[in-house]
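What follows is a set of notes on a single structure, which appears directly below.
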Amino acid sequence: MGFLAGSVLETLGICSQIQYIRFLLPLGSFQTDRNLYIRDEHFGNVPVRIYEPKHPYTEPRRCVIYIHGGVGMFGTIRAYAAVCRQLALRSGTMVVNIGFRLGPEHQHPAQAEDCLAAVEHFLKEARNYGVDPNRIILAGDSSGGTLAAAICNDLVSRKHVPKIQAQLLIYPPLQTVDVTLPSYQQNPYAPILTRERGIRLAARFRIRTKEMIDLNGAMKNAHVPDEVAVKYRKWISADHIPDEFKVRGYVPIVPAPFSEKLYKLSEISFLPENCPLLAEDDIVRQLPETFLLTCEYDILRDDGLLYKKRLEDNGVPVTWLHLKKGFHGIMFKIDLILFQYQEAEHAMKHIVDFIQRF
């Protein structure tokens, strides 16, 4: 409903859809907590919010660096207060939420640049915050999961900063090579992130033009050259999705005729920093232990399944949790009564258990 109302307001010239969604998202989120020290700082030029449990500790503690979702346009530090508060409270862990610049005011890749700068800054300064640099987990949900995975890819080759000990990815989008995978077909009208909305928002975020894309062509992979599809079929294909995830209905779709125009508009999406699934094996095998959350009623479910397979094929330990009744964004308002879901509570318990291992 928020997207629809925002679209109406934009049409009427009152405010943009993006501005309206940004207004809505923080509503109802508690920004303080008597059991936490919560403060806003800057890591260089990047704003962050730090959630620190008040209970005393005798040795350097662990930390979760959290990159929020919102397609690089909607999410904010205030909007993601619920998730970060609950992670800090339930796991007894410091949480750092990165307030990166948002599009379309700040074009991609400003978001990735801010997140990488903030992560590197904290890795170097961790001890000054009472944090053991060898107990840092990089987490992200939705598009924040994309950024977290891409940063982990980047950091494996950097020798001047401590290693990330684990990555925690919550229903992340990890590729745009094939948007006809079973999960895209099965969940075209799933809550929050419909198939059309997901493709349209991703295009709006990454494409540096106001020109409307051919949505019908994009939904049938018309943006993918044959050589690209063939090259990455070893990693991205419905053939790699377990049969149990095809029972709700899956029919292989013949790609629409290739569109050079659509490819030129979307080719930035094929870069590994935007599609972590396209990282080479010598990068993937160096990645840290991973927690991966997928939801059955989510167009991005199969991105997670394919990433799980790639990690395991390269010897990376994976803790996988699949919510059979879950949908995209289910964790967003984890501490609000009107938005409490049993599946979200189940997921939070497993996430906390994973964090507390480090």
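We did not get these values from a lab; they are worked out from the coordinates using the rules stated. As the structure is a computational prediction, the values presented were derived from the model and not from experiment. All Cβ positions, glycine included, derive from the backbone under ideal geometry; neighbour counts span all protein chains shown.
With semi-axes defined as the square roots of five times the eigenvalues of the C-alpha gyration tensor, the equivalent ellipsoid of the chain measures 31, 24, 20 Å, largest first. Compared with the dominant principal axis of the Cα atoms in the chain, helix 81-91 is inclined by about 60°.
Summing Cβ point charges (Lys, Arg +1; Asp, Glu -1) relative to the Cα centre of the stretch 66-121 gives a dipole of roughly 340 debye. Checked against a 32 Å cut-off, the cross-linked pairs Lys308/Lys333; Lys124/Lys231; Lys163/Lys234 give Cα-Cα distances beyond that limit for Lys124/Lys231. For the stretch 302-358 versus the stretch 148-196, the inter-centroid distance based on Cα atoms is 13 Å. Within the chain, antiparallel bridges make up roughly 30 percent of the DSSP beta bridges whose residues both belong there. Taking the longest Cα principal axis of the chain as reference, the axis of helix 110-125 is set at about 30 degrees. For the stretch 221-276, the pair-distance distribution built from all alpha carbon pairs, in bins 10 Å wide starting at 0, is 20, 45, 30, 5 percent.
Per-residue 3J(HN,Hα) values for the stretch 49-64, derived from phi via the Karplus relation 6.51 cos²θ - 1.76 cosθ + 1.60 with θ = phi - 60°, read 10, 10, 10, 10, x, 7, 5, x, 9, 9, 9, x, 8, 8, 8, 10 Hz in sequence order (x marks Gly and Pro). The helix-based estimate of mean residue ellipticity at 222 nm for the chain, built from -39,500 (n - 2.57) per DSSP H run of four or more residues and divided by its residue count, is -10000 deg cm²/dmol to the nearest 500. Size of the stretch 50-119: Rg and Dmax of its alpha carbons, in Å, are 13.6, 44. With a Förster radius of 25 Å applied to the C-beta separation of Thr11 and Lys264, the computed FRET efficiency comes to 0.30.
Between the helical axis of 143-155 and the longest alpha-carbon principal axis of the chain there is an angle of about 70 degrees.
A Cβ-based charge dipole, computed about the Cα centre of the chain with Lys and Arg at +1 and Asp and Glu at -1, lands at about 600 debye. Of the residues Pro173, Pro252, Leu277, the one whose Cα sits farthest towards the positive end of the charge dipole of the chain is Pro173 (charges of +1 on Lys and Arg Cβ, -1 on Asp and Glu Cβ, taken about the Cα centre).
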